[in-house]
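Heads up, the thing below is written out as structure tokens.
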């Protein structure tokens, strides 16, 4: 049986993750405990690995919510399953998808990127590209309720490096990874 | 609160700076000067002068007068041997006749002598010592705002409130611990300032950065700001503040007057005395003499001293001053007619608009005779200046400096008025050359204390006006910044292949290639030496099967109806006529015909190609393709899919047997020939199989989704176990390819290498209509080559190092680019650039190897399997 | 150097986000004399004033754009997405 793992599998394992198979991928379900992870996110900042999400690179304006990468250039990102859009290139494997959430996520990102993350410059559900921790990143704000949250799409080979620097920079806000369970709970 | 000062424990009060706590405890000497080791005390108490710099918790050159006390801090004096109070090196001041300005240029004219004394001079002269370990985690941060205001004095606070009330997003940067500027320590400073500080504090929309200093104003309104440590364990944070508009409200600072012994501890600026009194509740001295002429200012000071119980012994004007007296502290002031005994001399010095930021950003400073100051005139775009920094309240005639006697002008590097006069006399009469020769204005204070006086003396000595003398150039950083803050955290991005942890498990010894981590070789169970491991891996590939991670190859998905057209244009071979299911070697040249990159291009469908690039050139190739597309309306989409594929090369006589176990794809030589490609499942993972042969054996590159790569890798190793498969690293791969005489772009080629010279002419198709480099390559095709890349072999196990010189008839005739010991040939082999006449089979060349000339013979054929039969089976 | 360059897609960004791609030049025809080719390959006008240049937005949308920039003041007069201009190469 084919085993599919994100770039951060061993990172999660070292952090004591308990894994679950999610759409064919081995993803971390819980690190410490659901309640603790949710509490850490809502009071500080947390980061989750959602690399299993489907991504398509397309030059045709998608019907649903597309992320604009350039003029006439879009990214379609979705929870699986998703039928491939016409003429699109599957880039699911290309990008690791890190979800940073919590009231202090802007502060942590502000230490790693020169991007303007203000509400006016980056309203909810908008997307920018820039350098985060010296790595090209597609950044999309997708608040969880009233809590700021950002998806960071980085080329897979950089994932571990970016993951680690985020946790390091977030230490002052008790940054911690959170699993699929906590994510589901936060999404409500 | 307590701090430790050397061996002494010092009590501190809340709100104290380090210097304030030390002053209260009776400390008067805060540092020893740079050159003469003279005792120095507080002069500005505002973070502008170099006198209070100490080592705090291991960090050197901390300006203690503006650094708030933290309980338990360890504070030490600097540049003093053995202590601040008793510095043996202060004897040097009596040798000043031997050490005139620029003395080391004049005395140590011999290089040997200079090298002998340099370490001593460096040790004696200087500031703090760099810390052995970082003081904590340095960080960077970025801030965007509509308006950034530097300085939270009256003008800055007013500007901040106004801008904020208009709806702008405001950041206010102030280097003191509380906003207010002069309002905090000067009672008579402003009317109408009541409640300003409270209003500012109440307006939460304004982001106020206290204790943060702005050291540079750069192009595009970028401000460099250093913020103090935000939490224990961290160090300073450097903020890059990008503002739509910058308001410089840095105010004005007072500067010292020049008279003999003006640097004795106890001689301080009037504003410094006021700061000590009003900010920290200190009594700066018991008996004070005030040097000043302005009646208002003197009256203000008299009031303050009365309140603190300090007796004002006399008020004198600078013209009457002969000099201060005292040893390690001031004991009196000698004037023309009288002598006063005192322990404090308060100097009402000229006020200088703090316009360094304006000058850095390209603004102009112009001398205003009435104001006695250089004031900003031409302002850069979107920068304004308000308050004292604009020269608003400054109006005092400039006091002529007493030039002849030795009085200190530059406290940072002990430059005296006499030194400046000598400098001018020696011909350094331009303010910029005088600055460089004497180093006045070049110390940690960056001219804040001494610039005006230096200009004044230069003007006086050269007989020019101050306006004509001009002002020295102001550059960032101003003031000084720790290197750690500039460097930021030590994070450097690392690229890991999807097989990284599998390699780790297998005992990989890592090699850094750019940001990538690649296994150099695998350490087998016992601690085997590199050579043995590499040989083991080598023989596995030659005799059985080997597996290498090639995920670092750049991978581009190129699709669209014009995809072939694009590839024809940028690569030297034909690609539009490549049949689907076939792959071709691809070589890329620039317009000068120089090799840029190589790789393979596979056609997956009519409108779809899969392009690989060398590991290091991916970004370049992507940009190169995009550039060629930029002004066209061609239907091509280039997608970088490098991270999306795990790629591994399985090679060796048993490779087919191994791979066969995991896929339904027909791998027979007829169904899947050399340079063919197929899309098939390997161990259940949708993969792209490429039949290529970099290492010279039957082999496939398996490109599978990155998330499945570790699984597929494991399955391949498991399936190959019965055949004796081994993972192999870069070192074995380099050896294997060298035996096939395959070049590596960037290793065997350089910025001048062309395909014909590199023996790659076969990859250039001049029959194509046009392509990048054609004009140049068409000429090279018929022109005699300047040099040729050839193979060479030399008997024995002695392998020449890369870069060794090729020597023919005693003359330099080329260079070695790669060399290894070949296990099949049992001799050293390699690639070298040689002169064209030597590029023939069997020609003899010499290779210079650690001083000896070793004979080698040239070959134009691969060392291993020259016919390529193994590759094609 | 820290001036801002407006990317037609991403907006105003620091010049550090871009890769400089040289002056915009006209590629000579294949049969042009060698001198013309040498000029194209190796020489640039290096104007002290306004010139049109290639810039690649490396940290952003990864597209090539052309900027009309004053090389003395670093004032960027205009930026154009390269694909949107006429003219062949």
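Quick note: the coordinates plus some simple rules give every number you see, no bench work behind them. Keep in mind that this is a model prediction, so the values were computed, not measured. Don't worry about glycine lacking a Cβ; one is built from the backbone with ideal geometry, like all the others, and counts go over all protein chains shown.
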Expressed in µm² per second, the diffusion coefficient of the range B:284-406 from the Stokes-Einstein equation, with Rh the Kirkwood radius over alpha carbon pairs, at 25 °C and 0.890 mPa s, is 148
With label points set 7 Å from each Cα along the Cα-to-Cβ direction at residue B:528 and residue B:483, the distance between them in nm comes to 4.3
Here the range B:465-537 gives, from Cα atoms, an Rg and Dmax in Å of 25.5, 82
Relative to chain B, whose Cα atoms define the longest principal axis, helix B:154-165 and its Cα axis are tilted in degrees, nearest 10, by 50
Tilt, helix B:295-308 to longest principal axis of chain B (alpha-carbon atoms), in degrees rounded to tens, equals 90
For the range B:64-178, one quarter of the surface area of the C-alpha convex hull, expressed in nm², comes to 13.4
Placing each pseudo-label 7 Å from Cα in the direction of the beta carbon, residue B:118 and residue B:492 end up separated by a distance in nanometres of 2.7
GNM of chain A, Cα pairs under 10 angstrom: of A:100, A:147, A:27, the biggest fluctuation goes to A:147
Rounded to the angstrom and largest first, Cα extents along the principal axes for the range B:208-359 equal 57, 36, 29
Inter-chain shielding metric for B:700-707, i.e. average beta-carbon neighbours from other chains within 10 angstrom, reads 4
For chain B the mean separation of alpha carbon contacts under 8 Å (6+ apart) over residue count, i.e. relative contact order in percent, is 8
Per the Cα gyration tensor, the range B:2-124 corresponds to an equivalent ellipsoid with semi-axes, largest first in Å, of 33, 14, 12
In nm, the gap between the two label points placed 7 Å beyond Cα toward Cβ at residue B:750 and residue A:118 is 5.1
Ranked on Cβ counts within 10 Å of their own Cβ, fewest leading, A:136, B:500 go A:136, B:500
Once the mean of 1/r over all distinct C-alpha pairs in the protein assembly as shown is inverted, the Kirkwood radius in Å reads 34.3
Scoring the range B:2-124 by relative contact order with C-alpha pairs under 8 Å, at least six apart, yields a percentage of 26
Counting only DSSP beta bridges fully inside the range B:2-124, the antiparallel percentage to nearest 5 is 85
Residues B:111, B:734 in order from fewest to most other beta-carbon atoms within 10 Å are B:111, B:734
Stokes-Einstein, Kirkwood over Cα pairs, the range B:449-503, 20 °C, 1.002 mPa s; D in µm²/s equals 132
If one builds a Gaussian network model of chain A from Cα atoms under 10 Å apart, the most fluctuating residue listed among A:90, A:57, A:35 is A:35
Expected integer from the mean partner chain Cβ neighbour count at 10 Å over B:220-230 is 2
Taking the square root of 5λ for each eigenvalue of the C-alpha gyration tensor of chain B, the equivalent ellipsoid has semi-axes, largest first and in whole angstrom, of 72, 31, 27
Taking the alpha-carbon centre of each part, the distance from the range B:74-147 to the range B:166-224 in Å is 34
Bounding extents of chain C in its principal axis frame from Cα atoms, largest first in Å, are 41, 27, 19
Expressed to one decimal in nm², the mean projection of the alpha carbon convex hull of chain A is 10.5
Between the alpha carbon centres of the range B:648-664 and the range B:817-853 the gap in Å comes to 35
Partner shielding of B:429-440, taken as the mean number of other chain Cβ atoms within 10 Å, equals 0
Assertion target for C:62, B:297, ordered by fewest C-beta neighbours within 10 angstrom first, is B:297, C:62
With no solvent term and unit scatterers on the alpha-carbon positions of the range B:579-712, Debye gives log₁₀ I(q)/I(0) at q = 0.09, 0.22 Å⁻¹ of -0.29, -1.45
The helix B:451-462 Cα axis meets the longest alpha-carbon principal axis of chain B at an angle in degrees, between 0 and 90 and rounded to 10, of 80
Here the Kirkwood hydrodynamic radius of the range B:552-601, Cα-based and in Å, equals 11.6
With R₀ set to 51 angstrom, the calculated FRET efficiency between the beta-carbons of residue B:11 and residue B:429, to the nearest 0.05, is 0.45
Here the averaged projected area of the range B:785-873, based on the convex hull of its alpha-carbon atoms and given in nm², is 6.0
From the Cα centre of the range B:577-596 to that of the range B:297-353, the distance in Å is 83
Note to self, the protein assembly as shown gives a 222 nm [θ] from helices alone (DSSP H runs n ≥ 4, -39500 (n - 2.57) apiece, / all residues, nearest 500) of -6000 deg cm²/dmol
For the range B:400-481, the Cα gyration tensor yields equivalent-ellipsoid semi-axes (√(5λ), largest first, whole Å) of 19, 14, 11
